[in-house]
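The values are calculated or read from the model by the stated rules, or taken from the named source; none is laboratory data. As the structure is a computational prediction, the values presented were derived from the model and not from experiment. Cβ coordinates were reconstructed from backbone atoms using ideal geometry, including for glycine residues, and neighbour counts include every protein chain displayed. Accessible surface is based on the protein model in full, side chains and every heavy atom, while ligands, DNA and RNA are left aside. Shrake-Rupley method; radii C 1.70, N 1.55, O 1.52, S 1.80 Å.
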Amino acid sequence: MVDTRDFINFDDIDENGPQSYSRTFEISPSELERFEIAGIGPVSISANARKGELPKEYVVDGTAKFTADLTCSRCVEPYPFASSSAFNLRFEPRPEAPKNGEEELEITPDELDLEFYTERSIPLRELALEQVQLSIPMKPLCDDNCLGLCPQCGVNRNRESCACEESIVDDRWGALREIQQVIKKRES
Ligand SMILES: [Zn+2]
Ligand SMILES: [Zn+2]
């Protein structure tokens with residue numbers, strides 16, 4: 001039987017026990033608002049949800065899988081990226097907002113795996129989007145050793161070499177000498 005439910009429903013879990021879900025969502029790069037994502041394939045998410053140990057707490061664990069084309073942060077070329085990540089989340093009711101005159105409560109969860117809910121149903125699509133956001137590196141690299149673009153003439157140094165390189169090396173030595181002079185001054 002194909003599971004077509006779009007939401008994890010806490011009432012359903014209270015009544016019928018742990019539930020399993022498996023869905024695939026089409027996502028557009030614009031939804032993610034990350035310029036590093038040139039393109040993204042469907043995101044498959046499977047999740048198991050059950051009651052947690054605390055009252056009104058629910059635990060959701062599972063995996064999310066997708067492939068994407070990311071833009072390398074050094075050479076700005078797209079490269080293929082595949083991700084399969086496991087997650088384990090706890091959902092607790094959002095603490096009530098402070099009344100007038102009371103001190104402002106910090107209601108942002110400080111643990112990575114803790115989320116607050118107000119609605120007793122959680123859209124699986126939101127969970128899938130969240131996992132994609134967490135899986136995409138802050139500074140994607142086509143290769144750890146990517147040489148990037150020449151800051152002077154802009155050629156992709158993975159493919160071409162240029163005449164600028166020598167003077168950049170010189171600049172680096174120059175910067176190093178300055179640092180050494182500063183250190184010497186401090187020491188003397
Ligand atoms: Zn690169
Ligand atoms: Zn150059």
- Message: Looking at the stretch 58-87 only, could you name the residues that are under 15 Å from the mean Cα position of the chain (by Cα) and more than 16 Å from ligand 1 (Cβ to nearest atom)?
- Response: Thr63, Ala64, Lys65, Phe66, Thr67, Ala82, Ser83, Ser84, Ser85, Ala86, Phe87
- Given the conditions (1) crowded, with 16+ Cβ neighbours inside 10 Å; (2) assigned to a strand (DSSP E or B), which single one is not true for Ile27? (2)
- Item | Hits in the stretch 74-95 - residues which are open to solvent by 60 Å² or more (accessible area, probe 1.4 Å), touching a residue at least 40 places away in the same chain (Cβ under 8 Å) and away from ligand 2 (no atom under 16 Å from the Cβ) | Glu77, Pro78
- Can you find a residue in the stretch 139-146 that is within 16 Å of ligand 2 (Cβ to nearest atom), surrounded by 10 or more Cβ atoms within 10 Å (Cβ to Cβ) and at pLDDT 95 or above? yes
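Every residue, every condition in (1) of a type in the set (Ser, Thr, Tyr); (2) closer than 23 Å to Glu92 by Cα; (3) open to solvent by 60 Å² or more (accessible area, probe 1.4 Å), yes or no:
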site	(1), (2), (3)
Arg5	no, yes, yes
Phe10	no, yes, no
Gln19	no, yes, no
Arg23	no, no, no
Glu33	no, no, yes
Glu36	no, no, no
Gly41	no, no, no
Gly52	no, yes, no
- Mind checking which residues of the stretch 30-44 are outside any helix (DSSP H, G or I) and either among the small types (Gly, Ala, Ser) or on the phi < 0 side of the Ramachandran plot (or both)? Arg34, Phe35, Glu36, Ile37, Ala38, Gly39, Ile40, Gly41, Pro42, Val43, Ser44
